[in-house]
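A.B. asks: Got a structure here, written out as structure tokens. Questions coming.
Rule-based calculations on the coordinates, nothing more; no lab input. Model, not experiment: these values are computed from the prediction. Counting neighbours? That spans all protein chains shown, and the Cβs are built from the backbone with ideal geometry, glycine included.
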Amino acid sequence: MVVIGVIASAIAIPLALIIPWFPSKGSVQAGNIRTLYDVLLITTIPIFVLVETVVLFSVWKFRMRPGQEEMDGPPIHGNTRLEVVWTAVPAILIVSLCAYAYSVLRTNEANKTNAMTVNVTTRQFAFEFSYPQSPGKQVVSSELYLPEGRPVVFKLRSLDVIHSFFVPNFSEKLDAVPGIVTTLRVTPDALGTYPVECTELCGAGHSLMRSSAHVLTAAAFASWLKSQPINGPPPIGTPPATVTQAVPDYDAVPNGGGSASSAPSSSSSSSSSSSSSSTSAAAGQALFTGSAGCSGCHTLAAASATGTVGPNLDVRLRTDCANPASEKVRGTTLKQCIETAITKPYAYLPTGYSAGIMPSNFAQRLTPDQIQALVNFLSSAAK
């Protein structure tokens, strides 16, 4: 049994260590988690092999033979010393592993000097990331941009239901809970683009709640941040008037980023001057492929989208809108039809599709400019 156990462990441990259990490492915390996982594998595989070897050997060695069906085994007292050992050793091992896991957790959650704050606002079904610049000023984005090597403190909140902020390559995840701010710390240490996911079932559009995290060099991040407008319109739309949650210590940004009304009056002129660009077809395309999540369900060549959940817009957009039954409900022009399809998706259902698939709250999630941008893009892209 000893020989079998040693050989099996010598084979199983290297195999377990070379299996890519995790995606590529994107943060310091991810490296700590991977080391912890390797330690757990190295520790538990020999135990598993030992237990299975003893079980299998006992099944073979002490199996019932013909004629022994009515016999009992000989009475034995057992081995007190062995029982003490196999109770004490696992207990010491478990306590040691728990202590090491706790130290990794504390290390990952420790405050770091020169940490940058990024506010993460979640709602059905999108993320918004804001970068406080000074009291009352911020940069907002529908995608996450981070500098390599700089510690980041994420402050999470939700405007509606419980969501979860998860970047698999960072090996860090935390829930965003309505009414409170939760904190997550990460130090990105590998350049690249990584997926951002909600891992808490949050409604019909949960599978579409996706974004991207871009880890840039310090110079590239500074250049990106400088190029962004201050107090721009919320990329996920203005929160409903019913959202009145106080967000403590949110870096002096009213509502923590996410309300167009939080922008100071000095930005009004810049917002007005950019209104035409915010409703352009290009802005609509960015929404279609980005925070609105349309490309996850629809096929549209102009957006390089290949979704199959909803209607193929290359094939059906114009024909469905030209349907007399559709014109009675959604309007006679293509733009009227598209706007109604976005804001009241179940007012008219194209043949072959049923209610409950497309999110019905785009009228609340998106600003009027964002809806108009989508209408302009889709009407120009429709074949």
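A.B. asks: Taking a cut-off of 17 Å between Cα atoms, list the aspartates and glutamates near residue 61, but don't count ones fewer than 8 places away on the same chain.
C.D. replies: Reachable aspartates and glutamates: 52, 69, 72.
A.B. asks: In terms of modelled amide H atoms, which long-range or inter-chain residues lie less than 5 Å from the amide H of residue 173?
C.D. replies: Here nothing satisfies the definition.
A.B. asks: Another one. Assuming R0 = 41 Å, can you tell me the calculated FRET efficiency for the pair residue 207 and residue 58, based on Cβ-Cβ distance, to the nearest 0.05?
C.D. replies: 0.30
A.B. asks: OK, next. Over 27 Å between Cα atoms, which of 112/137; 25/112; 173/226; 155/226; 112/173; 173/344 qualify?
C.D. replies: Flagged as over cut-off: 173/226; 173/344.
A.B. asks: Quick one: net charge of residue 32's neighbours, Cβ under 14 Å, K/R +1, D/E -1?
C.D. replies: Summing Lys and Arg as +1 and Asp and Glu as -1 gives +1.
A.B. asks: Here is a further query. No partner Cβ under 4.7 angstrom, meaning no disulfide-compatible partner by this rule: which Cys of the chain qualify?
C.D. replies: So, 98, 198, 202, 294, 297.
A.B. asks: Tell me, what HN-Hα J-couplings in whole Hz come from the Karplus equation 6.51 cos²θ - 1.76 cosθ + 1.60 at θ = phi - 60° for each residue of the range 328-333, using x for Gly and Pro?
C.D. replies: 5, 9, 9, x, 8, 9
A.B. asks: Same structure, new question: Just name one of 349, 58, 375: the one whose Cα is farthest towards the positive end of the charge dipole of the chain (beta-carbon charges, Lys/Arg +1, Asp/Glu -1).
C.D. replies: Farthest towards the positive pole: 375.
A.B. asks: Here's another thing I want to ask about it. Can you list the residues, at least 5 places off or on another chain, whose amide H is less than 5 Å from the amide H of residue 192, using H built in the peptide plane?
C.D. replies: Here 215 satisfy the definition.
A.B. asks: A further question on this structure: Given only helices, namely DSSP H runs of n ≥ 4 each adding -39500 (n - 2.57), what is the per-residue ellipticity at 222 nm of the chain, to the nearest 500 deg cm²/dmol?
C.D. replies: The helix-only estimate for the chain comes to -13000 deg cm²/dmol at 222 nm.
A.B. asks: Work out from phi, with θ = phi - 60° and the Karplus expression 6.51 cos²θ - 1.76 cosθ + 1.60, the ³J(HN,Hα) of each residue of the range 222-232, listed in order in whole Hz, and give x for Gly and Pro.
C.D. replies: In residue order, the calculated couplings are 4, 5, 4, 4, 5, 7, 8, x, 7, 6, x Hz.
A.B. asks: So how do 159-167, 40-48, 23-31, 80-88 stack up, highest first, on mean other-Cβ count within 10 Å?
C.D. replies: Per-residue mean Cβ counts within 10 Å order the peptides as 159-167, 23-31, 40-48, 80-88.
A.B. asks: Out of residues 5 or more away from residue 133 or on other chains, whose amide H comes under 5 Å of its own, with H placed 1.01 Å from N in the peptide plane?
C.D. replies: Long-range HN contacts for residue 133: 138, 139.
A.B. asks: How large is ³J(HN,Hα) for each residue in the range 50-60, as worked out from phi by the Karplus curve 6.51 cos²θ - 1.76 cosθ + 1.60 (θ = phi - 60°), to whole Hz, x for Gly and Pro?
C.D. replies: 4, 4, 5, 5, 5, 4, 5, 4, 5, 4, 6
A.B. asks: Could you sort 94-106, 123-135 so that the peptide with the highest average Cβ count within 10 Å comes first and the rest follow in order?
C.D. replies: Per-residue Cβ counts within 10 Å, averaged per peptide and sorted highest first, yield 123-135, 94-106.
A.B. asks: Taking a ≥ b ≥ c as the square roots of the eigenvalues of the Cα gyration tensor of the range 285-383, is the shape rounded (a/c under 1.5), prolate (a/b larger than b/c) or oblate?
C.D. replies: Numbers: a/c = 1.27, a/b = 1.17, b/c = 1.09.
Here the range 285-383 falls in the rounded category.
A.B. asks: Also, I was wondering about something else. Normalised by the number of residues in the chain, what is the relative contact order in percent for Cα pairs under 8 Å and 6+ residues apart?
C.D. replies: 14
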